[in-house]
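S.K.: Below is one structure. I have some questions about it.
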Amino acid sequence: MLREYTERYYPDGILKFEGNYKDGQANGYGRSFYQSGKLQYEGMWANGVYHGQGTLLDEDKQVIFSGSWDNGHPRENIFEKSLDSTKLNEYIDELNSFIGIINVKREINNLINFVKLQRLRKQEGLKVPKISLHMVFTGNPGTGKTTVARILSKILYELGYLSKGHLIETNRAGMVAGYLGQTALKTEAIINQAIGGVLFIDEAYTLSSSDEYGQEAIDTLLKIMEDYRDNLVVVVAGYPKLMDNFIVSNPGLSSRFNRYIFFDDYNDKELIDIFKYFCNNSSYRLDNEGEHILEDHIKRLLKNKNENFGNARTVRNIFEKSIAFHANRVMALKKYSSIDLELLMKSDILRSIE
């Protein structure tokens, strides 16, 4: 069958593809479009995937990759950035300065060394294996999973593994539509936004419920993860037991996610240090009596915690309430000093935890 020019449309009538088709697939020159109508890819195709010269764009018209493609993958190796990058060292230092999460920092530093070594091997003319860095983050709420994913996206960009280094956060609601057939399009759209960076799917286990919509999202995710595994990192996150069940629920998931990082709960000292970090970062100080009250409260919370305990998120809420009560107290003073403007006192902490 000869190639013929054709147009394909989304169910709502928006142009999805225009170009040459053969045997029911894109072959030759063609252009694809996001469901928003914006240009996604322009260039050569073979058997329905990018092949030859072409340019892939995100929905903000920023170039994800422009050059030669081979069966849907950028042909040039993306290990092109310098390992002496100042920003790379800054991001690694920032990661290592995070309070607690010792195991997480160890695992991420191991990953950094692995990627660095592949680059050194390439420079020596050795074969470099195809690297897939899709990961599973497990842990309770407020243990830093999103924060680590955000800094990881920047580190992998500076290492040359990712072409953009941004983070896209989503969950079931961001991937599943109200009708079968629409979910695949919605999932594909959010993943396309993440190409060149990290896609962080929170509470990913909710996709493996018995309904067909979640399965449609998973099937779409698995295909694109494989197609863009050298310029996309997917991080699925959630409670440990639920995530274990999620991964084993589908053979495709268990084969694509081979890196697991566990985020432990913070202890009382780490949570106090996190509160002080919030203070220092916003030019506040905590007086001694206030610190003692906070310590006692956090120890009680830890003693009686359940799986819904918010860890650093709980501490942040206490901090935000404290500075609100501090503002009311200071503004009620007839006269106040520069110390009054920055000092959180016992009364501010007490009112925030009541």
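The values are calculated or read from the model by the stated rules, or taken from the named source; none is laboratory data. Keep in mind the model is a prediction, meaning the values are calculated, not measured. Note that we place each Cβ from the backbone using ideal geometry, even for glycine, and neighbour counts take in every protein chain shown.
S.K.: Out of the residues in the range 94-112 that are of a type outside the set (Val, Ile, Thr) and in contact with an Asp or Glu (Cβ under 7 Å, 6 or more places away or on another chain), which is farthest from residue 156 (Cα to Cα)? It would help to see each step written out before you state the result.
M.R.: Initially, the range 94-112 is screened for residues of a type outside the set (Val, Ile, Thr), giving 94-98, 100, 103, 105-107, 109-111.
Filter once more, so that each one left must be in contact with an Asp or Glu (Cβ under 7 Å, 6 or more places away or on another chain): 100, 103.
Working: 100: 22, 103: 19 Å.
Only one residue tops the list, namely 100.
S.K.: Moving on to the next point. When only residues in the range 186-216 that are in contact (Cβ under 8 Å) with a residue 60 or more places away in the chain and crowded, with 21+ Cβ neighbours inside 10 Å count, which is nearest to residue 11 (Cα to Cα)?
M.R.: Out of the qualifying residues, it is 192.
S.K.: Also, I was wondering about something else. Tell me, which helices (runs of 4 or more DSSP H) wholly within the range 245-331 include 1 or more residues that are under 18 Å from residue 138 (Cβ atoms)?
M.R.: By residue number, 251-256, 312-331.
S.K.: Kindly indicate the residue of the range 191-205 that is closer than 26 Å to residue 244 by Cβ and part of a helix (DSSP H, G or I) and also nearest to the chain's Cα centre (by Cα) among those meeting that condition.
M.R.: For the range 191-205, the residue satisfying everything is 194.
S.K.: Take residue 246 and tell me if it is at pLDDT 90 or above and closer than 30 Å to residue 99 by Cβ.
M.R.: no
S.K.: Considering 283, 249, which residue is hydroxyl-bearing (Ser, Thr, Tyr) and in the same structural domain as residue 324 (by TED's automatic domain parsing)?
M.R.: So the residue among 283, 249 that is hydroxyl-bearing (Ser, Thr, Tyr) and in the same structural domain as residue 324 (by TED's automatic domain parsing) is 283.
S.K.: Kindly check whether there is at least one residue in the range 323-334 that is touching a strand residue (DSSP E or B) at 6+ places or on another chain (Cβ under 6 Å) and outside the structural domain of residue 145 (by TED's automatic domain parsing). Working first, answer last.
M.R.: Step one: filter the range 323-334 for residues touching a strand residue (DSSP E or B) at 6+ places or on another chain (Cβ under 6 Å), giving 326.
Filter once more, keeping what is outside the structural domain of residue 145 (by TED's automatic domain parsing): 326.
Yes, because at least one residue in the range 323-334 is touching a strand residue (DSSP E or B) at 6+ places or on another chain (Cβ under 6 Å) and outside the structural domain of residue 145 (by TED's automatic domain parsing).
S.K.: Hey, another quick one. Which of the residues spanning the range 139-169 are outside any loop (DSSP other than H, G, I, E, B), crowded, with 21+ Cβ neighbours inside 10 Å and not hydrophobic (A, V, I, L, M, F, W, C)?
M.R.: Across the range 139-169, the qualifying residues are 139, 145, 153, 154, 157, 158.
S.K.: Considering only residues that are outside any loop (DSSP other than H, G, I, E, B) and touching a residue at least 24 places away in the same chain (Cβ under 8 Å), look in the range 170-185 and name the one that is nearest to residue 57 (Cα to Cα). Full working, then the answer.
M.R.: Of all residues in the range 170-185, those outside any loop (DSSP other than H, G, I, E, B) come to 170, 172-175, 182-185.
Next cut, touching a residue at least 24 places away in the same chain (Cβ under 8 Å) only: 170, 172, 175, 182-185.
Numbers: 170: 20, 172: 25, 175: 21, 182: 22, 183: 22, 184: 20, 185: 17 Å.
So the residue we want is 185.
S.K.: Starting from residues that are under 22 Å from residue 187 (Cβ atoms) and aliphatic (A, V, I, L, M), keep the ones in the range 25-54 and report whichever is surrounded by the most Cβ atoms within 10 Å (Cβ to Cβ).
M.R.: Going through the qualifying residues, I end up with 26.
S.K.: Any idea which residue in the range 318-332 is surrounded by the most Cβ atoms within 10 Å (Cβ to Cβ), counting only those that are in contact (Cβ under 8 Å) with a residue 40 or more places away in the chain and among the β-branched types (Val, Ile, Thr)?
M.R.: Result: 318.
Let's see how each residue does on (1) within 16 Å of the chain's Cα centre (by Cα); (2) surrounded by 16 or more Cβ atoms within 10 Å (Cβ to Cβ); (3) of a type in the set (A, V, I, L, M):
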| position | (1), (2), (3) |
| --- | --- |
| 218 | no, yes, yes |
| 236 | yes, yes, yes |
| 246 | no, yes, no |
| 256 | no, yes, no |
| 260 | yes, no, no |
| 265 | no, yes, no |
| 271 | no, yes, yes |
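S.K.: Can you run down the residue pairs with Cβ atoms below 6 Å, 6 or more apart or on separate chains, where the first is in the range 57-75 and in the same structural domain as residue 30 (by TED's automatic domain parsing) and on the phi > 0 side of the Ramachandran plot and the partner is assigned to a loop (DSSP other than H, G, I, E, B) and acidic (Asp, Glu)?
M.R.: Partner pairs satisfying both residue conditions: 67/76.
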